[in-house]
Amino acid sequence: QVQLVESGGGLVQAGGSLRLSCAASGSIFRINVMGWYRQAPGKQRELVAAVTSGGVTNYTDSVKGRFTISRDNAKNTVYLQMNSLKPMDTAVYYCAALKVLHYGMKYGDYWGQGTQVTVSS
């Protein structure tokens with residue numbers, strides 16, 4: 001029903017920057033929340049940042065001041081600008097579209113396949 005296509009991951013040195021993008025397509029009336037989660041080896045998936053359709057943002061403490069989330073509602077696309085990257089940021093990053101309201105007036109949550117971000121020291 002909804003497909004999420006992520007791009008922008010890769011390998012970067014500590015202190016560098018990357019920009020992740022995620023475009024949602026399908027039967028979408030409105031996406032209430034778009035966000036990024038990450039999962040490092042041996043750890044649980046955690047929220048990195050999220051943004052509502054109204055522009056309210058939320059960040060995990062470890063990325064505040066370094067990462068910026070934004071979205072283009074017209075394009076159903078969310079971005080994550082990651083600056084001053086640290087080795088601890090190494091993980092698979094997953095795009096999420098949450099509380100997606102479909103034209104049939106039903107809600108659903110959707111996840112991307114993940115993109116690897118590796119930060120070398």
- prompt: What is the number of the single condition among (1) surrounded by fewer than 15 Cβ atoms within 10 Å (Cβ to Cβ); (2) within 14 Å of Val119 (Cα to Cα) that Asp89 does not meet?
  reply: (1)
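I'm checking my understanding of the structure. Among residues of the stretch 70-86 that are open to solvent by 10 Å² or more (accessible area, probe 1.4 Å) and part of a strand (DSSP E or B), which one is nearest to Ser7 (Cα to Cα)?
Step one: of the stretch 70-86, the residues open to solvent by 10 Å² or more (accessible area, probe 1.4 Å) are 70-77, 79, 81, 83-84, 86.
Subsequent filtering for residues that are part of a strand (DSSP E or B) retains 70-72, 77, 79, 81.
Numbers: Ser70: 15, Arg71: 14, Asp72: 16, Thr77: 11, Tyr79: 10, Gln81: 12 Å.
Filtering first and then ranking leaves Tyr79.
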query: Which of the residues that make up the stretch 106-120 are in contact (Cβ under 8 Å) with a residue 24 or more places away in the chain and assigned to a loop (DSSP other than H, G, I, E, B)?
result: Gly112, Gln113, Gly114
field: From Tyr107, Tyr59, Tyr37, residue being open to solvent by 40 Å² or more (accessible area, probe 1.4 Å) and touching a Cys at 6+ places or on another chain (Cβ under 9 Å)
entry: Tyr37
query: Mind checking whether some residue in the stretch 5-16 is at positive phi, surrounded by 14 or more Cβ atoms within 10 Å (Cβ to Cβ) and at pLDDT 95 or above?
result: yes
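The values are calculated or read from the model by the stated rules, or taken from the named source; none is laboratory data. Treat the numbers as computed from the prediction; the structure is a model and nothing was measured. A quick note on method: Cβ atoms are made from the backbone with ideal geometry, for glycine too, and the neighbour counts reach across all protein chains shown. Protein only, heavy atoms only, side chains kept; ligands, DNA and RNA dropped before computing areas. Shrake-Rupley method; radii C 1.70, N 1.55, O 1.52, S 1.80 Å.
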